[in-house]
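The values are calculated or read from the model by the stated rules, or taken from the named source; none is laboratory data. None of the values given here were measured: they were computed from a predicted structure. When we count neighbours, we look across all protein chains shown, and the Cβ atoms used for this are built from the backbone with ideal geometry, even at glycine. Quick note on the areas: whole protein, heavy atoms, side chains included, nothing else; ligands and nucleic acids left out. Shrake-Rupley method; radii C 1.70, N 1.55, O 1.52, S 1.80 Å.
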Amino acid sequence: MPAYRIYDAAAMRAVIDAVIALPRIDGSRAAWHQAPGSPDRGRDLYGRHCAGCHGDRGEGKTGTSLANSGFQKVASVGYVAAMVARGRTDTPMPAFRLDGVNHSALTADEILDLSAFVAAGLPGAARQTQ
Ligand code: HEC
C-alpha cells in the first residue's frame, strides 16, 4: 500500500467522496484471504535465486540450511517471506524486494510462491540434483 502524499487535501477528499459513492457490495468480506503461494512455481524460483547460496536441496552452503528439521519446525510462510523481502542486514542474505543490485528483484507474488515452497520443506527439490 503506497502512501499517497502527492495528493493535496482537496484531491484526497474527492477520492474519499468517490469511494463512499461506490455501490455497496452485499455479503461479508470475512472470507477473503490472500491466495496462497504455489510451491511448484516456488521450486523454479528457488533454483534460480536461492540454491546458489542455500544449496539445491536447502542443505546450506554460504547460506544457512533451510531444509533442516529445526528450521522447518519454526519457519512459517510469513517468516520466510519477510526474510526474502527484507534480507538480513550485515549478512550476505539479500533483500529481494529492493533494487536488484547483485541479485534479482522479486515481485510480491514470486516471494509468496518461494515462501510456500521453502516453508513446505522444499518438496521435490532433491529431484533437481539427481
Ligand atoms: C548471496 C547468498 C544468498 C542468497 C542468494 C540467498 N540467501 Fe538466504 N541467507 C543467506 C545467508 C548467509 C543467511 C544467514 C544470514 C545470517 O547470518 O543470519 C541467509 C538466511 C536466510 C533465511 C533465514 C534462515 C534462518 O535460519 O532464520 C531464509 C529464510 C533465507 N535466507 C531464504 C532465502 C531464499 C528463499 C532465497 C532466495 C530468494 C535466499 N535466501 C537467497 C545467503 C543467501
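When residue 89 is tested against (1) loosely packed, with under 10 Cβ neighbours inside 10 Å; (2) not in a loop (DSSP other than H, G, I, E, B), only condition (2) is not met.
I'm checking my understanding of the structure. Among residues of region 29-78 that are part of a loop (DSSP other than H, G, I, E, B) and among the basic types (Lys, Arg), which one is nearest to the ligand (Cβ to nearest atom)? If you could, list the steps in order and put the result at the bottom.
Taking region 29-78 first, the residues part of a loop (DSSP other than H, G, I, E, B) are 29-38, 50, 55-68, 75-76.
The next check asks that each one be among the basic types (Lys, Arg); those that pass are 29, 57, 61.
On the way: 29: 31, 57: 13, 61: 8 Å.
Among residues in region 29-78 that are part of a loop (DSSP other than H, G, I, E, B) and among the basic types (Lys, Arg), the one nearest to the ligand (Cβ to nearest atom) is 61.
With respect to residue 26, determine if the residue is over 25 Å from residue 105 (Cβ atoms) and open to solvent by 60 Å² or more (accessible area, probe 1.4 Å). So residue 26 fits the description; yes.
What number of residues within region 67-77 satisfy the criterion of being open to solvent by 50 Å² or more (accessible area, probe 1.4 Å) and not polar (S, T, N, Q)? Explain how you work it out, then say what you get.
Going through region 67-77, the residues open to solvent by 50 Å² or more (accessible area, probe 1.4 Å) turn out to be 68-69, 73-74, 76-77.
Still in the running and not polar (S, T, N, Q): 73-74, 77.
Total meeting the criteria: 3.
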